[in-house]
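The structure appears right after this line, and notes come after that.
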Ligand SMILES: [Zn+2]
């Protein structure tokens with residue numbers, strides 16, 4: 001299973017620390033801690049690199065308010081209790097941020113970041129192995145769209161587009177050409193028309209020599225892809241389809257190819273597209289404007305508030321948003337343990353300085369993460385080095 005979070009109970013009990021790593025630009029002054037005491041206790045957490053955790057938390061709370069108003073208390077509480085404490089590990093060359101109790105809900109801005117990192121860790125190594133084993137592969141980005149739909153159709157249309165994708169991949173012509181794939185669903189919402197646009201980004205691997213050869217029998221042109229997608233979608237119109245080669249996504253995998261893969265799985269809903277800011281406050285879209293939707297257990301459509309947020313929740317519930325072909329699923333030799341030491345080493349954040357703990361406080365305009373404690377013990381250094389064997 002690749003979908004790491006659907007907010008189920010089983011998922012929540014297995015706590016995975018979500019670590020966000022930041023490398024400070026070299027011209028930025030290194031961070032120094034005070035040696036004695038905590039004179040700066042109560043200090044507000046500033047932006048870390050590009051990331052503004054305060055802003056993300058306020059957006060989270062705005063989404064929670066919207067969910068609560070719509071009667072979705074369970075998801076609202078998940079978001080409200082998500083990462084109310086932040087642990088910041090300071091190193092000479094960078095910073096790592098961890099958030100315990102992460103909600104893992106696709107709506108949550110920080111869970112999206114953590115999910116992306118987990119997905120990269122899960123998807124990239126099998127693709128790397130696949131490309132090492134299979135010479136002459138070329139990755140292509142295939143975008144499959146369908147017509148936009150109102151919020152009340154989103155859940156159904158999401159199911160349809162996933163079914164259509166399975167159909168597409170089962171067509172003989174496609175099976176012959178595509179050696180492996182990664183697919184990801186993205187939802188965009190037009191704030192003017194309020195219509196949703198679910199679409200699929202998929203990275204398909206084809207054999208360069210076989211597929212792009214002159215007079216190749218397996219080659220599929222953009223027009224042919226559109227026709228195949230129309231058939232798979234069982235649509236009465238020709239849907240918009242786009243295919244292009246991804247630079248660096250070849251055998252063997254290059255850094256550029258890795259970046260291209262990251263783009264494919266980037267997000268399911270653009271961060272911030274379900275919230276807006278006014279006078280320094282965050283609000284969820286749809287809090288003021290009613291849209292047609294149905295109440296639980298009632299099939300009649302009626303104008304309701306808070307529709308965008310609940311429509312997205314309903315559409316992603318229990319569904320796998322990112323999936324791969326079977327030959328990219330052999331992850332047996334992968335270790336999923338989130339060992340912070342290993343990661344730090346991989347990114348070379350330099351010398352450990354200290355760990356700071358920040359707590360969220362809601363204080364109107366002064367809401368933010370405030371420093372409550374500091375430790376000089378390096379995380380992960382408690383590992384015993386001595387003999388583990390008994391007498
Ligand atoms: Zn969260």
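Take residue 86 and tell me if it is more than 26 Å from residue 349 (Cβ to Cβ) and within 13 Å of the ligand (Cβ to nearest atom). Here the answer is no, as residue 86 does not meet what is asked.
Residue pairs whose Cβ atoms lie under 6 Å apart, separated by 6 or more positions or on different chains, with the first residue in segment 40-52 and outside any loop (DSSP other than H, G, I, E, B) and the second surrounded by 15 or more Cβ atoms within 10 Å (Cβ to Cβ), are 44/368; 44/370; 48/22; 48/95. Taking residues in segment 66-80 that are within 10 Å of residue 307 (Cα to Cα) and in contact (Cβ under 8 Å) with a residue 12 or more places away in the chain, and partners anywhere that are in a helix (DSSP H, G or I) and within 15 Å of the ligand (Cβ to nearest atom), the pairs with Cβ atoms closer than 8 Å and at least 6 places apart or on different chains are 66/309; 67/75; 67/76; 67/79; 67/309; 67/313; 70/309.
In this entry, residue 244 is excluded by the filter for residues that are in contact with a helix residue (DSSP H, G or I) (Cβ under 8 Å, 6 or more places away or on another chain) and in contact (Cβ under 8 Å) with a residue 24 or more places away in the chain.
Would segment 71-82 turn up any residue that is more than 12 Å from the ligand (Cβ to nearest atom) and in contact with a strand residue (DSSP E or B) (Cβ under 6 Å, 6 or more places away or on another chain)? Scanning segment 71-82 turns up no residue that is more than 12 Å from the ligand (Cβ to nearest atom) and in contact with a strand residue (DSSP E or B) (Cβ under 6 Å, 6 or more places away or on another chain).
Quick check on residue 328: is it at pLDDT 90 or above and surrounded by 13 or more Cβ atoms within 10 Å (Cβ to Cβ)?
no
Out of segment 355-378, which residues are more than 20 Å from residue 91 (Cα to Cα), out of contact with any helix residue (DSSP H, G or I) (no Cβ under 7 Å at 6 or more places or on another chain) and surrounded by 16 or more Cβ atoms within 10 Å (Cβ to Cβ)? Those that are more than 20 Å from residue 91 (Cα to Cα), out of contact with any helix residue (DSSP H, G or I) (no Cβ under 7 Å at 6 or more places or on another chain) and surrounded by 16 or more Cβ atoms within 10 Å (Cβ to Cβ): none in segment 355-378.
Here residue 302 meets the list (1) farther than 20 Å from residue 58 by Cβ; (2) under 27 Å from the mean Cα position of the chain (by Cα) almost entirely, failing just condition (2).
Between 118, 96, the distinction of being more than 24 Å from residue 368 (Cβ to Cβ) and either surrounded by 20 or more Cβ atoms within 10 Å (Cβ to Cβ) or in contact (Cβ under 8 Å) with a residue 60 or more places away in the chain (or both) belongs to 118 only.
What number of residues within segment 90-110 are under 22 Å from residue 379 (Cα atoms) and within 14 Å of the ligand (Cβ to nearest atom)?
Adding up the residues that qualify gives 7.
The values are calculated or read from the model by the stated rules, or taken from the named source; none is laboratory data. The shown structure was predicted, so the numbers you read here are calculated from the model rather than taken from an experiment. All Cβ positions, even for glycine, are placed from backbone atoms using ideal geometry, and neighbour counts span all protein chains on display.
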